[in-house]
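Taking it in order: structure first as structure tokens, then the write-up.
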Amino acid sequence: MDQRQRQFTRHRVILKVNVRTRQGWVPCTTVDVARGGIFVKSEARFDLQRVVQMQLCLPDGEPVSVLGQVRRNVM
């Protein structure tokens, strides 16, 4: 899908992210962000539709806790 078909513009933003699982925190990285969500790169695979707790590390070092829903897995 190209950018013209998207509802919200994506912005390339690289942030460290930790995603909480039953086994503990999984380190990840954002690839891009948009008003409608974020794309997170991870070696782990998360269950589709699962609501996950994430901690985003902002550029100033301040962590922000958010909830998100896994919408797709890309390999």
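Bear in mind these aren't lab numbers, they're just calculated from the coordinates by the rules spelled out. Worth saying up front: this structure is predicted, and the values here are computed from it rather than measured. Every residue, glycine among them, receives a Cβ derived from its backbone with ideal geometry; neighbour counts consider all protein chains shown.
So the values come out like this:
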read-out	value
Qualifying residue in region 60-73 (condition: on the phi > 0 side of the Ramachandran plot and within 9 Å of the chain's Cα centre (by Cα))	no
Count - residues of region 14-43 that are aliphatic (A, V, I, L, M) and in contact with a Pro (Cβ under 9 Å, 6 or more places away or on another chain)	3
